[in-house]
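Presented below is the structure to which this report refers.
Rule-based calculations on the coordinates, nothing more; no lab input. Just so it is clear, the model here is predicted, and its values are computed rather than measured. Cβ placement follows ideal geometry from the backbone for every residue including glycine, while neighbour counts extend to all protein chains displayed.
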Amino acid sequence: MANETTSSTISELYTEIVAEAQFVASEKSIMRNLVKNYAISGGGKAVEVPVYAQVAAAAVADATDLANTAINPTSVTITASEVGVMTTLTDLARNSAPRNVAADIGKLFGEALARKQDADLTGLFDSLTTEVGDGTAAISPAAIFNAMSTLRANSLPINECAVVLHPKIAYDLKSGLTNTFAGLDTETSNEALRAGFVGKLAGMNIFETSNMSNTGNAGDYKGAAFHKDALAIAMMQDVKIETQRDASLRADEIVATSVYGVGEIHDSYGVELHFDSSIQ
């Protein structure tokens, strides 16, 4: 367009957008901190993640050679793609704003990118082979212990595992903890009743996010209990902010982009939790 110029550097006006967007995108994403993180560098837009099977040690008699253990890893390819959001900020809107609109835009963009990352990662829950629940009943504490037992049976350290649920599904879990449940201490039940939050159950931290797709039926969502190595995000470019001046419009285009990919690494390291909420 006429009178339009592009700058490769961000003006001082938008330094707050950059800082706020990068901070919020990192802090607001729940899933990103619960999965394996890889970096894509050195050219190309994909990363090959080696997947190793567990090996076993055995007793060895004195002066006896150890048998060779073949280690033949498979690999998972995670390919990055671009996501972004753009808005046009007019001079009039910026100058008449009652507060720093640049910081507000940075926060909005950071939240948008964080939600997209969470949605992409929770979308992988459906690919997990092992499933607890069939989407027809409300979740109970017993389901979390069921998933925990599966992960423990695969020799996974529970302190490195987490549970992620939709808030409507988590409601039933927290509500259930205020009732009588065998083996649950009174203090945990009281805390659930007072605060509506359970920090840990069956040795796993419980997280909530609304950034997951409904399965098609109202209140029906697929969460998961998983070890951090079950899923991964490969980052090629974290939050990037660019601006472009449109003088004829007396406005600036503000663009936020990120380039990443997600993938399932170890299928046996996760358990899908498929339940229907009692609230719609």
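Annotation note: trypsin sites (Lys or Arg not before Pro) in segment 22-131 located in DSSP loop regions with a Cβ neighbour count of at most 11 within 10 Å are Arg99.
For a modelled paramagnetic label at Ala137, 7 Å from Cα along Cα-to-Cβ, the residues of segment 234-277 in reach, with backbone nitrogen under 17 Å, are 272-277. Calculate how steeply helix 186-195 sits against the longest principal axis of the alpha-carbon atoms of the chain, using the helix alpha-carbon long axis, and give the answer as 0 to 90 degrees to the nearest 10. On a 0 to 90 degree scale, this one is about 20.
Pairs from the list Lys28/Lys222; Lys36/Lys174; Lys168/Lys240; Lys107/Lys222; Lys116/Lys200 with a Cα-Cα gap above 31 Å: Lys168/Lys240. In this Cβ point-charge picture (+1 for Lys and Arg, -1 for Asp and Glu), segment 16-58 has a dipole of about 200 debye about its Cα centre.
Subtracting the Cα-Cα distance of Thr87 and Asp267 from 0.36 nm times their residue separation leaves 60.9 nm of extension gain. Put +1 on the Cβ of each Lys and Arg and -1 on the Cβ of each Asp and Glu in segment 86-166; which of Asn100, His166, Leu151 then has its Cα farthest toward the positive end of the dipole? In segment 86-166, that residue is Asn100. Each residue of segment 207-216 was assigned a 3J(HN,Hα) from its phi angle through the Karplus curve 6.51 cos²θ - 1.76 cosθ + 1.60 (θ = phi - 60°); the sequence is 10, 10, 8, 8, 8, 8, 7, 6, 6, x Hz, with glycine and proline shown as x. In this simple spin-label approximation, Lys240 and Ser96 carry label points 7 Å from Cα along the Cα→Cβ vector, and these lie 3.5 nm apart.
FRET efficiency for the pair Thr15 and Thr79, taken as 1/(1 + (r/R0)^6) with r the Cβ-Cβ distance and R0 = 41 Å, rounds to 0.80. Estimated translational diffusion coefficient (Stokes-Einstein, Kirkwood radius over Cα pairs, 20 °C, 1.002 mPa s) of the chain: 99 µm² per second. Look at the alpha carbon pairs under 8 Å that are at least 6 residues apart: their mean separation over the length of the chain gives a relative contact order of 33 percent. Work out the FRET efficiency for Thr64 and Ser155 from their Cβ-Cβ distance, taking R0 = 30 Å, and round it to the nearest 0.05. Result of the calculation: an efficiency of 0.70. Dividing the helix sum by the residues of the chain, where each DSSP H run of 4 or more adds -39500 (n - 2.57), gives a mean residue ellipticity at 222 nm of -8500 deg cm²/dmol.
Gain on full extension, evaluated as 0.36 nm per residue between Lys45 and Thr130 minus their Cα-Cα distance, stands at 27.6 nm. For the options Gly270, Gly44, Gly176, a Gaussian network treatment of the chain with springs between C-alpha atoms closer than 10 Å singles out Gly44 as fluctuating the most. Relative to the Cα centre, the charge distribution of the chain, modelled as +1 at Lys and Arg Cβ and -1 at Asp and Glu Cβ, gives a dipole magnitude of about 360 debye.
On full extension, the segment bounded by Lys200 and Ala56 gains 48.7 nm, given 0.36 nm per residue less the C-alpha separation.
Across the chain, the longest piece that holds none of the chymotrypsin sites (Phe, Trp or Tyr not before Pro) lying in DSSP loops with up to 12 other C-beta atoms within 10 Å covers 53-196.
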